[in-house]
Number of protein chains: 2
Amino acid sequence: MSPRVTLTDVAAHAGLSTTAVSLILNGKTGTGLSEDAHRRVFASALELGYRPNLMARGLRTEKSATLGFVSDHIASTRYAGPMIRGALHAARERSHTMFITETEGERAEQERAIQALLDRGVDALVIATVTGRAVLPERRPAVPVVLLNGTSPDEPYASVLPDEAEGARQAAEHLITLGHRRVHLLGMPPQLYDHPLITPQVKRRIEGLLSAFRAAGVDVVPIPYKREAWDAETGFETASRALRDAAPVGAVVALNDAIAAGAYEAFRSAGLEIPQDVSVVSFDDDGIVSFLRPRLSTVALPYEAMGRRSVELALEGAAPGEYLEAMELRVRESARPVA
Amino acid sequence: MSPRVTLTDVAAHAGLSTTAVSLILNGKTGTGLSEDAHRRVFASALELGYRPNLMARGLRTEKSATLGFVSDHIASTRYAGPMIRGALHAARERSHTMFITETEGERAEQERAIQALLDRGVDALVIATVTGRAVLPERRPAVPVVLLNGTSPDEPYASVLPDEAEGARQAAEHLITLGHRRVHLLGMPPQLYDHPLITPQVKRRIEGLLSAFRAAGVDVVPIPYKREAWDAETGFETASRALRDAAPVGAVVALNDAIAAGAYEAFRSAGLEIPQDVSVVSFDDDGIVSFLRPRLSTVALPYEAMGRRSVELALEGAAPGEYLEAMELRVRESARPVA
DNA sequence: CTGTTAGCGCTTTCAT
DNA sequence: ATGAAAGCGCTAACAG
């Protein structure tokens, strides 16, 4: 409708030059502009409803107050949501606006997305993954890039990751403190390396568990998965196998919540009560298993905090390296002291 | 790193003016520029890796190839995901990039978000809601706006909605075709108007059901909810009440999937088999109840298609009015012919 | 067939 | 204490 109000309009209305108005509106200090000039400018801007044209400003300053969030998946998983929400909040607090794109994990699509964002002058890029495996851009963009929930094997990028080692330590510590001296690990990979499920994060989770238990002299019984999936079915199967081949089972660590859910089933079918007969501790705090009773004690993935952190780092152009976000054990009712 | 390649660079390299290059690169026709000029320009652009600066272009053309998606919730619900995905796809197909913001349904926050997006020159806005109740902008923005999954009571906006009336008709038709002559409606509102749960969409769902059943001479038994929530608990309670106060119960329509899930429980506790003893049809096709057995026959909400449609309409500046997206009955195993 | 010029709205030297 | 002028990269009248 009404043609946009520009700096020139405000200047005319305030009886000053655009220079003066720009200086004042941007809070530039040390420009001996009079008190009165300030007053007039603010009044005019307010009265006319002036809003700076950010594209024009960006053209001049090379800053767009905009950033790009490139994610492999956003709709198809419940993990993306919290990361995006955290990122969105951090961006908003810094008066930035966020472009979001979804790449389905395809390299070509990601390149297109990054290019499209760069063409629009984003100030920074966060490349997020829900799978834990980041796809790196072919050429390093000219703006800061941070990897969210994914690592860069060789090339140095800033990457935000959950502190799996410390989270694992807490899970182990919990069972140790409760007096358990023998613990089954449900969903262990048959071998630790070069396996599709084993992202660097997962490796740290497992190694953290192992080293904490070892340090405490706790007996660890790995129950590897057969199917390559960390789902409820695997949980059911590994728990059943533990009961059959490695009894007695007094405490288990499920490598994620879905496995824990399956294990619950298996233990129940076997007539065992949780936590009276067997203690369960798990990872992720995945909302989807909130229906479990007794409620699951699990180490939460800090997705929202990670999302937030990623844009903070991106906007301040943080140095390459790993930025770990704390994982926290949420103690509920699925584990208790050994009888 | 390398300073950005501009139009001027390409022009110099090709030995032409920026005008010629601009014309050629934008595929402007009818500008008798020589074949040779075309060749040289494309070659130069390619060789130098030229990418147009979209902010500069936008400053000139008033088009940014950008749009804003303003949603009340994105992380906290599983409905937002598909809408966003659909919108993202439509935007990408049209070489547009999408800003996403989350407002928590707060008017002030939404105003801020809209203003921020307008400041960045978005070409259009889609205002999405997962609650079904759109918050309208205080002043109508200067760019096209479409409401996604929400209506505008008074002011005329383009709004994309599920075709609830037709979806309801399909659900009713299904039971009618199976020979049911008496159907219980689980989760009916005590009165149809001025009730918190009753968005215009829901009203159409209910009225669609009622009119289809009435037309077929089917006996409808409404079982209103007590607690104001369409959740599993309400499903359990209404189904139990139907059994107790309005037996026999041979077929029910649950007003959404959560209610259906609760009803499953109630029927089972009462020793009834689905679908042998009672047929169940429902609405939403909410992934979260995919665990139900027998699998639920339900009328799917077309969220992804709606998301897609919303940006198509926004980008073409569609006229105010309602744009309905088809709902589809997904026939599975929860209903069968009357004995 | 091709080039000159102006200008989008803003910031930023540099003068005064 | 304030303003003139240049210029960010692009497009579009208008001339030749």
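Read the figures in this text as sums done on the coordinates, not as results from a lab. As the structure is a computational prediction, the values presented were derived from the model and not from experiment. Here Cβ is always computed from backbone atoms with ideal geometry, including for glycine, and neighbour counts include all displayed protein chains.
Assume the label is 7 Å from Cα along Cα to beta carbon: what separations in nm does A:G27 have to the matching positions in the other copies?
Once sorted, the set of distances for A:G27 reads 4.5 nm.
So what's the net charge close to B:G105: Lys and Arg +1, Asp and Glu -1, counting the other residues with Cβ under 10 Å from its Cβ?
For residues surrounding B:G105, the net value is -3.
Once the label point is placed 7 Å from Cα along Cβ, list for A:A43 the distances to the corresponding points in the other copies, in nm, shortest first.
The answer, with the shortest distance listed first, is 6.4 nm.
Most exposed first by the Cβ proxy, i.e. fewest other Cβ within 10 Å, how do B:Y264, A:Y157 rank?
A:Y157, B:Y264
So which lysines can B:K63 reach, going by Cα to Cα under 29 Å and dropping same-chain residues fewer than 8 places off?
Reachable lysines: A:K63, B:K28.
For B:S211, what is the net charge nearby, where nearby means another residue's Cβ is under 11 Å from its Cβ and Lys, Arg count +1, Asp, Glu -1?
+2
Ratio to report: Rg/Rh of region B:7-52, with Cα atoms as the point set and Rh obtained by the Kirkwood method; give two decimals.
Radius of gyration relative to Kirkwood radius: 0.91.
Using modelled backbone amide H atoms (1.01 Å from N, in-plane), which distant-in-sequence or interchain residues come within less than 5 Å of B:L329's amide H?
For B:L329, the qualifying residues are B:A300.
Once a ≥ b ≥ c are taken as the square roots of the eigenvalues of the Cα gyration tensor of the protein assembly as shown, is the result rounded (a/c under 1.5), prolate (a/b larger than b/c) or oblate (a/b not larger than b/c)?
Note, shape of the protein assembly as shown comes out oblate.
Among B:V41, B:T18, B:T29, pick out the residue whose Cα is farthest towards the positive end of the charge dipole of region B:7-52, where Lys and Arg carry +1 and Asp and Glu carry -1 on C-beta, about the Cα centre.
In region B:7-52, that residue is B:T29.
Do any GluC sites (Glu not before Pro) in region B:215-252 lie in a DSSP loop with no more than 14 other beta carbon atoms within 10 Å, and if so, which?
Passing sites in region B:215-252 are B:E228.
How high is the relative contact order of region A:7-52, in percent, counting Cα pairs under 8 Å that sit 6 or more residues apart?
So the answer I get is 45 percent.
What is the sum of charges around A:A90, taking Lys and Arg as +1, Asp and Glu as -1, for the other residues whose C-beta is under 14 Å from the C-beta of A:A90?
Spelling it out: positives minus negatives among the neighbours equals -2.
Between the DSSP loop rule and a limit of at most 16 other Cβ atoms within 10 Å, which GluC sites (Glu not before Pro) in region B:122-221 are left?
Answer by residue number: B:E138.
Let me have the relative contact order for region A:12-141, percent, based on Cα pairs under 8 Å that are six or more residues apart.
Relative CO of region A:12-141 lands at 27 percent.
What trypsin sites (Lys or Arg not before Pro) in region A:153-244 are in a loop by DSSP, with at most 13 other Cβ atoms within 10 Å of the Cβ?
A:K226, A:R227
If one computes the Cα centroid of region B:102-119 and of region B:15-89, what distance in Å separates the two points?
Cα centroid of region B:102-119 versus Cα centroid of region B:15-89: 26 Å apart.
Using the Karplus equation 6.51 cos²θ - 1.76 cosθ + 1.60 (θ = phi - 60°), what ³J(HN,Hα) coupling, rounded to whole Hz, does each residue of region B:96-111 give in order, writing x for Gly and Pro?
10, 10, 10, 7, 10, 9, 10, 10, 6, x, 8, 4, 4, 5, 5, 4
Please compute the modelled spin-label separation between A:A12 and B:D277, points set 7 Å along Cα→Cβ, answer in nm with one decimal.
Calculated label separation equals 8.0 nm.
Can you list residues whose amide H is under 5 Å from B:A251's amide H, if they're 5+ apart or on another chain and H is modeled 1.01 Å from N?
The list, which skips near neighbours in sequence, is B:H184, B:S279.
Counting only helical runs of four or more DSSP H residues, what would the 222 nm mean residue ellipticity of chain A come to if each run contributes -39,500 (n - 2.57) and the total is spread over all its residues?
Estimated from H runs of four or more residues: -12500 deg cm²/dmol.
Using the alpha-carbon centroid of each, what span in Å lies between region B:292-339 and region A:219-276?
After rounding, the separation between the Cα centres reads 39 Å.
If each of B:E228 and A:K28 carries a label point 7 Å out from its Cα toward its Cβ, how far apart are those two points in nm?
Using points 7 Å along Cα→Cβ, the separation is 5.5 nm.
Read phi for every residue in region B:186-193 and hand back ³J(HN,Hα) as whole Hz from Karplus 6.51 cos²θ - 1.76 cosθ + 1.60, θ = phi - 60°, with x for Gly and Pro.
In residue order, the calculated couplings are 8, x, 5, x, x, 9, 7, 10 Hz.
For B:136-148, what's the mean count of beta carbons from other chains sitting within 10 Å of each residue's beta carbon?
The mean count of partner-chain Cβ atoms within 10 Å per residue comes to 1.
Which whole number gives the average count of other chain Cβ atoms within 10 Å of the Cβ atoms across peptide B:53-66?
5
Copy-to-copy spacing for B:R60, label 7 Å out on the Cα-to-C-beta vector, in nm, shortest first?
2.0
What is the packing order of peptides A:14-24, A:306-316, taking the mean over residues of other C-beta atoms within 10 Å and listing the highest first?
Ranked by mean Cβ neighbours within 10 Å, highest first: A:306-316, A:14-24.
Under 5 Å between amide H atoms, partner at least 5 residues away or on a different chain: which partners does A:T66 have, H built in plane at 1.01 Å?
A:T97, A:D123
Summarise the partner chain shielding of B:112-120 as one whole number: the mean count of Cβ atoms from other chains within 10 Å of each residue's Cβ.
Per residue, the average neighbour count from other chains is 4.
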